[in-house]
């Protein structure tokens, strides 16, 4: 993939043409200040990142005042991927609906994720190994706020984004699936540790004891349960158990019959309840 040109439609900036090799944007010195003049170095990278489908919420392009840059203006980027020319057109006003032109055919996507999936499929083909389009661009188009302290940490240090070695491993020709598998196992271990801490906190809250003391209580309760179970087994093996068992079954049967009679009587009483009626006025006068 090679970027060829960055521009806007309608024209709001001078088009920036990228040649082969390394392209450098330099500031100009000023005798009246120790700082370099603003010539659009950072903004150029922000425009490139925005056009290459960076999240709207993470892009500083959205912070440009409307009076200085119309949100309806399309930020466009031309690039070549596997020898095929592409153009991405994206505006701040419709940042979630980017437009991609391939072979003179423009497609408007319903959401950014669909566009990144489309470009990832075109970039990696069948050898994607679950690497996303924006994921591979991270190390290649670093955020200047990453402070360049680490090769892996290529995003704004304030974002606290976890290190991701997948794109670097892919560029080095190392199987990414192994890395994904290791990350999955590491996550499972972290989840187990989190659950263990939650259980310890729950025990501390309920029993007001630490886990070791609670384990001693559990052993004591298990001993009591064993003793009760032994007593039940001894009762079942006793000679009088069969007599007691028959009496219990007879009592349960009798209780079932009584419950049935109670239900019938309750229904009858419910039907007989609304019988009382008011006497007529004429009847009252006659009695008087």
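Taking R0 as 30 Å, what FRET efficiency do you get between residue 152 and residue 204 from their Cβ-Cβ distance, rounded to the nearest 0.05? So the FRET efficiency works out to roughly 0.20.
By its C-alpha gyration tensor, with a ≥ b ≥ c as the square roots of the eigenvalues, how is region 2-141 shaped: rounded for a/c under 1.5, else prolate for a/b larger than b/c, else oblate?
Working: a/c = 1.91, a/b = 1.50, b/c = 1.27.
It is prolate, given that a/c is not under 1.5 and a/b is the larger ratio.
Estimated at 0.36 nm per residue, the fully extended path between residue 97 and residue 44 surpasses their Cα-Cα distance by 16.9 nm. Measure off 7 Å from each Cα along the Cα-to-Cβ vector at residue 253 and residue 82, then give the distance between these two points in nanometres to one decimal. In this crude label model, residue 253 to residue 82 measures out at 8.1 nm.
Using Cβ contacts closer than 10 Å as the measure, can you line up 254, 119, 137 from fewest to most? Present the calculation step by step, with values, prior to reporting the outcome.
Numbers: 254 10, 119 25, 137 21.
Ordered by Cβ neighbours within 10 Å, fewest first: 254, 137, 119.
Applying 0.36 nm per residue to the separation of residue 144 and residue 219 and subtracting their alpha-carbon distance, the gain on full extension is 21.1 nm.
May I ask you to sort 90, 142 by Cβ crowding, counting other Cβ atoms within 10 Å and putting the fewest first? Walk me through the intermediate numbers first.
On the way: 90 26, 142 17.
Ordered from fewest to most neighbouring Cβ atoms within 10 Å, 90, 142 come out as 142, 90.
Summary value for region 118-175: 24 percent relative contact order, contacts being C-alpha pairs under 8 angstrom separated by 6+ residues.
Run the numbers for residue 192 and residue 113: contour at 0.36 nm per residue of separation, minus the present Cα-Cα distance, in nm. Mind dumping the intermediate values first?
Values: separation 79, 0.36 × 79 = 28.44 nm, distance 3.18 nm.
The span from residue 192 to residue 113 would gain 25.3 nm if fully extended.
Computed from the coordinates by the stated procedures, all read-outs in this text should not be read as laboratory data. On a predicted model such as this, the values are computed, not experimentally measured, just so you know. Because the Cβ atoms are built from the backbone with ideal geometry, glycine has one as well, and the counts that use them run over all protein chains shown.
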